[in-house]
Amino acid sequence: MIGLETTRIFGGLGLLIAAAFVSTALIVLLRPWLQRYALARPNARSSHTTPTPQGGGIAVITATLGVTLIVVLATGIFGPDDTAQLWRVFAATAMIAVVGAIDDIRIIAIAPRLLLQAIAVAAVLAALPNDPQIVPLLPWWIERALLLLAGVWYVNLVNFMDGIDWMTVAEIVPITGGLVLIGTVFGALPASAIVVALTLCGALLGFAPFNRPVAHLFLGDVGSLPIGLLLFWLLALMAGNGHFAAAMILPLYYLADTTLTLLRRVRNGEPFWIAHRSHYYQRATDRGFSVPQVIARVFAVNLALVVLATMTVLVPGWTSAIAALGAATILVGWLQYVFSRGKRKRK
């Protein structure tokens, strides 16, 4: 007789495979159209040198939302509150995907783009449970204002970091895997969020073969922006359930690279809102590392971050949280140092 845990494992694998299959099938169907109408031409930020179709995010987001909604409609396993939250989050995700698609084809000015992103993040925040707060010492409205800023940053940081082949896969697959692990084993996430993390992971795995170096397809803003929004929602839920340290550790590489790069550009008086190639991972490729070498190191560090995040839940308390955050910071700092230094030449 198959136990409940075995059933859950097979069910999770089924969702992962289903999302990967749908994502791959949609990419195969869409590629001729994307090749014709959605070419990404090299610019100041690009790591590629030839025009390459973008818009693979259409398949990734459609597979994520579609497979999850089939589970919701076909099984009815989620409670009314979880289902209502999903509908709101998915509506915001669809909206920001449309914004990204428009921006892929015709550039949207910074001010309206940020306004539309803020509206989508505000919709996600409105769908979050009011209690418990992530930081109980803060007034509720201050915490929500800070979360609004964090949400807009998350939406953009995935876009900023999606600058070389397989980078988003190497980041989001471990994070979603960590969310599923911690959410399932330790009850850190509701079932609906675990399903979303699973389907997003599967959809990106379905996209991965087309984005492997040298990529034949890019996500585009239509993929990176909604992925950032969904990631923010999942991590906010985990932090709200009492696992703030884990929610900080899982995306720490992306957070560190984007935030430190922004601060460095501001300090140097550079126009930080203009496309550039000064992220740590981009500097690494400019200083001797190949794309696969960069991706392998990022992926390995992210797996270590999953372990450290899991430790904070397995051994709760301020001591373990501070120790894990410290170890994660050292690990990410080491990788950024390696990328900044560049690949040493053999004598």
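One residue alone among 237, 262, 255, 308 is part of a helix (DSSP H, G or I) and more than 24 Å from residue 183 (Cα to Cα), and that residue is 262. Hey, can you tell me all the residues within segment 212-266 that are aromatic (Phe, Trp, Tyr) and over 21 Å from residue 297 (Cβ atoms)? Answer for segment 212-266, where residues must be aromatic (Phe, Trp, Tyr) and over 21 Å from residue 297 (Cβ atoms): 218, 232, 233, 244. Among the numbered conditions (1) modelled with pLDDT of 95 or more; (2) more than 17 Å from residue 124 (Cβ to Cβ), the only one that residue 214 does not meet is (1).
Inspection of segment 189-207 identifies at least one residue that is surrounded by fewer than 24 Cβ atoms within 10 Å (Cβ to Cβ) and not in a helix (DSSP H, G or I). Taking the conditions exactly as written (in a helix (DSSP H, G or I), at pLDDT 95 or above, closer than 23 Å to residue 27 by Cβ and in contact with a Phe, Trp or Tyr (Cβ under 6 Å, 6 or more places away or on another chain)), does residue 170 satisfy them or not? Answer is yes for this residue.
One residue stands out in segment 93-141 among those that are among the polar types (S, T, N, Q) and assigned to a helix (DSSP H, G or I): the one that is farthest from residue 55 (Cα to Cα), namely 117.
Criterion first (over 26 Å from residue 221 (Cβ atoms) and in contact (Cβ under 8 Å) with a residue 60 or more places away in the chain) does residue 324 satisfy it? Reasoning before the result, please.
Details: over 26 Å from residue 221 (Cβ atoms): yes; in contact (Cβ under 8 Å) with a residue 60 or more places away in the chain: yes.
Spelling it out, residue 324 is indeed over 26 Å from residue 221 (Cβ atoms) and in contact (Cβ under 8 Å) with a residue 60 or more places away in the chain.
Of the residues making up segment 240-252, those that are part of a helix (DSSP H, G or I) and either at positive phi or small (Gly, Ala, Ser) (or both) number 4.
Just the residues that are assigned to a helix (DSSP H, G or I), of a type in the set (Val, Ile, Thr) and more than 30 Å from residue 291 (Cα to Cα), please, taken from segment 48-92. Write out each step before concluding.
Initially, segment 48-92 is screened for residues assigned to a helix (DSSP H, G or I), giving 57-75, 80-92.
From what's left, of a type in the set (Val, Ile, Thr): 58, 60-62, 64, 67-68, 70-72, 75, 83, 89.
Within segment 48-92, 67, 68, 70, 71, 72, 75, 83, 89 meet the criteria.
Based on this model, can you work out whether residue 164 counts as outside any helix (DSSP H, G or I), under 20 Å from the mean Cα position of the chain (by Cα) and among the hydrophobic types (A, V, I, L, M, F, W, C)? Yes, satisfied.
If you go through segment 264-297 and keep only what is of a type outside the set (Gly, Ala, Ser) and closer than 24 Å to residue 309 by Cβ, you end up with 279, 280, 281, 294, 295, 297.
Please go through segment 316-338 and give me each residue that is of a type in the set (Phe, Trp, Tyr) and either under 19 Å from residue 188 (Cβ atoms) or touching a Pro at 6+ places or on another chain (Cβ under 6 Å) (or both), ordered by number.
The one that is of a type in the set (Phe, Trp, Tyr) and either under 19 Å from residue 188 (Cβ atoms) or touching a Pro at 6+ places or on another chain (Cβ under 6 Å) (or both): 318.
So, in segment 295-347, of the ones that are of a type in the set (Lys, Arg) and either surrounded by 13 or more Cβ atoms within 10 Å (Cβ to Cβ) or modelled with pLDDT of 95 or more (or both), which residue ends up nearest to residue 247 (Cα to Cα)? Even if it seems obvious, please write down each step before you answer.
If we filter segment 295-347 for residues that are of a type in the set (Lys, Arg), which is where we start, we get 297, 341, 343-347.
Filter once more, keeping what is either surrounded by 13 or more Cβ atoms within 10 Å (Cβ to Cβ) or modelled with pLDDT of 95 or more (or both): 297, 343.
Numbers: 297: 21, 343: 31 Å.
Among residues in segment 295-347 that are of a type in the set (Lys, Arg) and either surrounded by 13 or more Cβ atoms within 10 Å (Cβ to Cβ) or modelled with pLDDT of 95 or more (or both), the one nearest to residue 247 (Cα to Cα) is 297.
The values are calculated or read from the model by the stated rules, or taken from the named source; none is laboratory data. Just so it is clear, the model here is predicted, and its values are computed rather than measured. FYI the Cβ positions are ideal-geometry reconstructions off the backbone, even for glycines, and counts take in every protein chain you see.
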